[in-house]
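Enquirer: Encoded as structure tokens, here's the structure I'll be asking about.
The values are calculated or read from the model by the stated rules, or taken from the named source; none is laboratory data. Bear in mind that the values here come from a model prediction, so they are computed numbers and not experimental data. Cβ sites come from the backbone with ideal geometry, for glycine too, and all protein chains shown count toward neighbours. Just so you know, the surface numbers come from the protein's heavy atoms only, side chains and all, with ligands and any DNA or RNA stripped out. Shrake-Rupley method; radii C 1.70, N 1.55, O 1.52, S 1.80 Å.
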Amino acid sequence: MLATFLIGLREGLEAALVVGILVAYLTRVGRRDVLPRLWTGIGLAVALALGIGAVLTFGSYALTFEAQELIGGLLSLLAVGMVTWMIFWMQRTARTLKSSLEGEIDRALATDGLGPRGGGSAGRAATRGVTWAWGIVVIGFVSVAREGIETTLLLWSMVQSFGDAPSALVGALLGLAAAVLLGWLLARGMLRLDLRVFFAWTGAFLVIVAAGVLAYAIHDLQEAGALPGPFSATAPLDPATGAVAVGLSGFPFGWAFDVSASVAPGGPLAAVLQATVGFMPLMTWLQVIAWTLYVAIVGTFFVRGLRRRRPASPQAASTDAGATATASLSPSRAQQGAS
């Protein structure tokens, strides 16, 4: 529940910041009349994320066990890829996110070349109106859909991995609700939050979570027979017991370790460890190797990115931290600055 709460909070706050920037900019340029279209795009993005979640949850019951495991493993790999991309995308574009979104709004308001043109000025005005109307819907949809799809895939993969769906979903909903509240407080200028520190710590947490999802994806693919492992004929056997070998004798397609006697599978401790660091009482060598390589490689690039972004002075740090949290989101402050 804690893990899904943090994921909901992190991903929800990212989406809330994006929505806040778009709403603040439209307010600042005096185009609140197009806000309903922006909300339409955002609503469609939320509906798409919910629809994907429903399909993933209810659409796999008619499949065979191997097909379910194969699809689950591939979707988990997709979730890991999207989360990894989003971590570095946010790290790379955080400082330019506001200007990038405002540029998209400007282009949507100014473009007039996509629809059929009328014969006179009234026709051209009508064409521009239809064009930027759809442009605003698309901006709202795309800006939120990428966060929503990523969150849906990641939460679905985690629920599949540790099987505690009710508490996991409650944690995610609480995280999203907290993100909406924080986003609203930031937009109103009622809260200052060091977003640089927030995204640094939650980014590091997501690296660990994604490594756990990757390990479980490997487990799914091994159960589906897509990868060699303890469930296939390639598994090394213990000559004394005839069971799949554990430890060094089980390398590379057997079990790396088995601590089921100390940490009960399905117990509270196992659930917490699996939800936070991806640890399972019984793991294969391929799972351990994948988890270790992911944390080592992605974690190294993530830390290097943080060091490159570290401001040279406390004054720069203060400016960077507050740029998105307050002035960028608050229409009132923006208007004051413009005047």
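Enquirer: Counting only residues that are open to solvent by less than 60 Å² (accessible area, probe 1.4 Å) and over 11 Å from Val144 (Cβ atoms), how many does the stretch 30-50 have?
Expert: 3
Enquirer: Looking only at the stretch 213-269, how many residues end up being over 21 Å from Tyr294 (Cα atoms) and either among the aliphatic types (A, V, I, L, M) or in a loop (DSSP other than H, G, I, E, B) (or both)?
Expert: 30
Enquirer: Could you please let me know if Leu56 is open to solvent by less than 60 Å² (accessible area, probe 1.4 Å) and at pLDDT below 80?
Expert: Numbers: open to solvent by less than 60 Å² (accessible area, probe 1.4 Å): yes; at pLDDT below 80: yes.
It is true that Leu56 is open to solvent by less than 60 Å² (accessible area, probe 1.4 Å) and at pLDDT below 80.
Enquirer: Looking at (1) in contact with a Leu (Cβ under 7 Å, 6 or more places away or on another chain); (2) modelled with pLDDT under 80; (3) more than 27 Å from Val29 (Cα to Cα), find the lone condition where Thr131 falls short.
Expert: (3)
Enquirer: Another question, then. So which residues in the stretch 192-230 are surrounded by 18 or more Cβ atoms within 10 Å (Cβ to Cβ), over 29 Å from Ala94 (Cβ atoms) and of a type outside the set (S, T, N, Q), if there are any at all?
Expert: Passing the criteria: Tyr216, Ile218, His219, Asp220, Leu221, Glu223, Ala224, Leu227, Gly229, Pro230.
Enquirer: Given the structure, is Thr4 closer than 22 Å to Leu206 by Cα and open to solvent by less than 30 Å² (accessible area, probe 1.4 Å)? Break it down into steps so the answer makes sense when it comes.
Expert: Numbers: closer than 22 Å to Leu206 by Cα: yes; open to solvent by less than 30 Å² (accessible area, probe 1.4 Å): yes.
The answer is yes for Thr4.
Enquirer: Out of curiosity, is Arg92 over 30 Å from Pro228 (Cβ atoms) and open to solvent by 70 Å² or more (accessible area, probe 1.4 Å)?
Expert: Numbers: over 30 Å from Pro228 (Cβ atoms): yes; open to solvent by 70 Å² or more (accessible area, probe 1.4 Å): yes.
For Arg92, the condition - over 30 Å from Pro228 (Cβ atoms) and open to solvent by 70 Å² or more (accessible area, probe 1.4 Å) - is met.
Enquirer: Can you confirm whether the stretch 39-61 contains a residue that is in a helix (DSSP H, G or I), closer than 25 Å to Gly189 by Cβ and either of a type in the set (A, V, I, L, M) or free of Cβ contacts under 8 Å to residues at least 40 places away in the same chain (or both)?
Expert: yes
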